[in-house]
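Data block below; observations after.
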Amino acid sequence: MKLIYVWLENYNDKIVNQEFLFSPEFKIHYDNDWNELYISRNKDYIRAFYGENVLDVAAIVGENGAGKTTVARCLYDICEGIAPIDDEGDGCAKIVIYLKEGCNGQKEKILVCYFREGISEKKVHSDMDYKLINLYA
């Protein structure tokens, strides 16, 4: 599985209502006002652009104090499972999306893990096969 998207509601009062897309293969946007998630493939994406051994390249850039280290710490927490999604404290990622590669003839699938009230099949607009994983309950 690879991490492709994170939406943070509040991380340490430093990152508020921000989304981060880590794969140019997809176009993903969460509309916080309408509580709707949009997922689609990027038709302009070029597979193996960086060669067969590199999947994607993502960069976090900015001036000193812009929050690069804070984002890196948050991603570490999410990927290490320390506090991937919760409703209190520091780990306030409300939506985390992974790409699960297909194997043994199975198709790849988007896994949408969320801790947010009101997200349902009606609120996800996607042209891809996805699975909602509700961590709110």
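Which one is surrounded by the fewest Cβ atoms within 10 Å (Cβ to Cβ), of the residues in the stretch 1-27 that are touching an Asp or Glu at 6+ places or on another chain (Cβ under 8 Å) and part of a loop (DSSP other than H, G, I, E, B)? Looking at residues that are touching an Asp or Glu at 6+ places or on another chain (Cβ under 8 Å) and part of a loop (DSSP other than H, G, I, E, B), I get 1. The sole residue among 48, 59 that is out of contact with any Pro (no Cβ under 8 Å at 6 or more places or on another chain), of a type in the set (A, V, I, L, M, F, W, C), closer than 22 Å to residue 109 by Cβ and assigned to a loop (DSSP other than H, G, I, E, B) is 48. Of all residue pairs spaced 6 or more apart or on separate chains, those with beta-carbon atoms under 7 Å, a first member in the stretch 35-55 that is in contact (Cβ under 8 Å) with a residue 60 or more places away in the chain and at positive phi and a second member that is assigned to a loop (DSSP other than H, G, I, E, B) and of a type in the set (A, V, I, L, M, F, W, C) are 35/119.
Residues in the stretch 101-137 that are surrounded by 15 or more Cβ atoms within 10 Å (Cβ to Cβ) and basic (Lys, Arg) were compared, and the one that is modelled with the lowest pLDDT is 116.
The values are calculated or read from the model by the stated rules, or taken from the named source; none is laboratory data. A quick note: this is a predicted structure, and the numbers were derived from the prediction, not measured. Neighbour counts run over all protein chains shown; Cβ positions are idealised from the backbone, glycine included.
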